[in-house]
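Visitor: Quick one: the structure is below, questions incoming.
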Amino acid sequence: MAPTLADPFSDSSALREFVINQGNGVKGLSELGLKALPKQYIQPLDERMCMTNVVPLESIPIIDMSNWEDPEVAKSICDAASKWGFFQIVNHDVPIEVLENVKDATYRFFSLPADVKNKYSKEHSSSNNVRFGTSFTPQTEKALEWKDYLSLFYVCEEEASALWPSICREQVLDYMKKSEVVIKQLLHVLMKGLNVNGIDETKESLLMGSMRTNLNYYPKCPNPELTVGVGRHSDISTLTILLQDEIGGLYVKNERDNWIHVPPIKGSLVINVGDALQILSNGRYRSVEHRVVANGSKNRISVPIFVNPRPGDMIGPLPELIANGEKPIYKQVLYSDYVKHFFRKAHDGKKTVEFAEL
Ligand SMILES: CC(C)(COP(=O)(O)OP(=O)(O)OC[C@H]1O[C@@H](n2cnc3c(N)ncnc32)[C@H](O)[C@@H]1OP(=O)(O)O)[C@@H](O)C(=O)NCCC(=O)NCCSC(=O)/C=C/c1ccc(O)cc1
Ligand SMILES: O=C(O)CCC(=O)C(=O)O
Ligand SMILES: [Fe+2]
């Protein structure tokens, strides 16, 4: 039963019970039609999006992938990865139906009753590789984030068949599979830009040995200006392939510490460099801080594929770079240690990468 008092969640344990334990998430809160944001979601002033720091006319590069091997296109990819850490791609080979299907599947999953979704929560899921949750790390966050998610770590088809929710499984698998071509194209170009030519099996595994797909749901929010959808962070992936819907709300930091909006473009994918690639490239490609605002009138979804090393891989500057005389700025770290470090703290901008600094 949903609480009905005027301020039903002044008591944090009531909020925790409804949102986390019962699996209603922020979607459940949103659907209660609250007039005011529960205080647990109110972010400190300096974490809220201040529109005076937004540069309206600037934009991350938009790259046409149809001639991806053309040296000029390749240069624009490498330049974008060094300067911005973010770009959008159009005319890639992922069919539009695949993108539309995974968005539909995301809506279908979040439309399930709370008790059904809750079977995939940390407490109830039979595997760490499938996790339905809310905010980022509700145990450690001082202020919660206005977001629910389903996170699916891919191990193999058999495991996905056995453990992933059937309501979205095929669509997520298809999106992952069809994205592999463009992921390989991008990694090929980015490695060439470092004078690392030819990606052998070991290197392919280091760059894209594991994948995690998140289905993110940001419901309509009563006081969007007081909270965040996702706080400032850089991803810990090698590359992230992000599908967003038509609503907008993703902002990226530029070189002058201003925020730039990433406008939705139908059929495009947003690509960003993650910490793992920043470390492997010895800082030549940059993972960049980004955040998502909450929306006062519309629900928003996004579907990132995090392309990662394997949990058991050691990551550090690639030997080819060091052999060329570059001084390493990162040490070798076990990727799963890096991932755990990221998940055990609240979002804190670019701080995660300090874990690997020499
Ligand atoms: C290190 C992992 C993630 C977990 O290891 P474990 O040995 O099974 O240990 P735990 O299940 O106890 O997880 C360690 C901590 O991470 C937390 N965690 C474990 N997955 C999760 C999870 N998807 N979500 C949010 N907490 C989690 C988990 O709750 C736990 O926190 P705590 O209970 O406080 O100790 C392991 O599965 C692993 O190495 N996975 C393969 C690599 C991998 O997934 N890489 C991540 C790719 S990038 C990425 O996911 C980015 C995500 C992201 C997400 C949200 C954002 O806003 C921004 C970015
Ligand atoms: O929803 C978005 O646009 C971005 C989400 C994000 O940054 C993430 O899941 O890491
Ligand atoms: Fe992100």
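Throughout, read-outs are computed from the coordinates displayed, never taken from laboratory work. Note that the structure is predicted; figures quoted are calculated from it, not measured. Counting neighbours? That spans all protein chains shown, and the Cβs are built from the backbone with ideal geometry, glycine included.
Visitor: Looking at Pro263, Pro219, Gly209, which one has the Cα that reaches farthest to the positive end of the dipole of the chain (charges on Cβ: Lys, Arg +1; Asp, Glu -1)?
Guide: Value: Pro219.
Visitor: To continue, here is another question. What's the ranking of 55-67, 272-284 by average number of surrounding C-beta atoms within 10 Å, highest first? Don't skip to the answer; put the middle values down first.
Guide: Details: 55-67: 13.9, 272-284: 24.6.
Descending mean neighbour count gives 272-284, 55-67.
Visitor: Under unit Cβ charges (Lys, Arg +1; Asp, Glu -1), what dipole magnitude, rounded to 20 debye, does the chain have relative to its Cα centre?
Guide: Values: 40 positive and 45 negative charges, 166 e Å.
About 800 debye.
Visitor: Compute the distribution of all C-alpha to C-alpha distances in region 94-205, in bins of 5 Å from 0, and list the percent of pairs in each, rounded to whole numbers.
Guide: Result, from short to long distances: 2, 10, 16, 17, 16, 14, 12, 9, 4, 1, 0 percent.
Visitor: Tell me which aspartates and glutamates have Cα within less than 13 Å of Lys103's Cα, excluding those fewer than 8 residues away on the same chain?
Guide: Glu170, Asp174, Asp245, Glu246
Visitor: Students often forget the sequence filter, so: which aspartates and glutamates lie under 17 Å Cα-Cα from Lys203 once same-chain residues fewer than 8 apart are removed?
Guide: Answer for Lys203, where 17 Å is the Cα cut-off: Glu180, Asp275, Asp313, Glu320, listed by chain and number.
Visitor: Aspartates and glutamates near Lys177 by alpha-carbon distance under 12 Å, same-chain residues fewer than 8 away left out - which ones?
Guide: Asp93, Glu157
Visitor: Tally Lys and Arg at +1 and Asp and Glu at -1 over the other residues with C-beta under 11 Å from the C-beta of Ser82: what net charge comes out? The partial results should precede the final answer.
Guide: Values: positive: Lys75, Lys83, Arg284, Arg286; negative: Asp79, Glu255.
Net charge in that neighbourhood comes out at +2.
Visitor: Could you list the square roots of 5 times each eigenvalue of the Cα gyration tensor of the chain, that is, the equivalent ellipsoid semi-axes, sorted largest first and rounded to whole Å? Can you show the working numbers first?
Guide: Numbers: eigenvalues 222, 96, 82 Å².
Over the Cα atoms of the chain, the semi-axes work out to 33, 22, 20 Å.
Visitor: How many nm separate the modelled label positions at Lys35 and Asn91, each set 7 Å beyond the Cα in the direction of the Cβ?
Guide: 5.4
Visitor: Filter the cross-link list Lys35/Lys266; Lys39/Lys340; Lys147/Lys266; Lys83/Lys351 down to pairs whose alpha-carbon distance in this structure exceeds 25 Å. Before the final figure, lay out each step's value.
Guide: Numbers: Lys35/Lys266 33 Å; Lys39/Lys340 28 Å; Lys147/Lys266 23 Å; Lys83/Lys351 19 Å.
Going by Cα-Cα distance, Lys35/Lys266; Lys39/Lys340 fall outside the 25 Å limit.
Visitor: Moving to a separate point now. Is it possible to state the helix-based mean residue ellipticity at 222 nm for the chain, with each DSSP H run of 4+ residues giving -39500 (n - 2.57), the sum divided by total residues, to the nearest 500 deg cm²/dmol? What is it?
Guide: Calculated from helices alone, the mean residue ellipticity at 222 nm is -8500 deg cm²/dmol.
Visitor: Please give the peptides 133-144, 206-217 ranked by average Cβ packing (other Cβ atoms within 10 Å per residue), highest first, as a rough proxy for protection. Please list the in-between numbers first.
Guide: Numbers: 133-144: 17.7, 206-217: 21.8.
Answer by packing, highest mean first, reads 206-217, 133-144.
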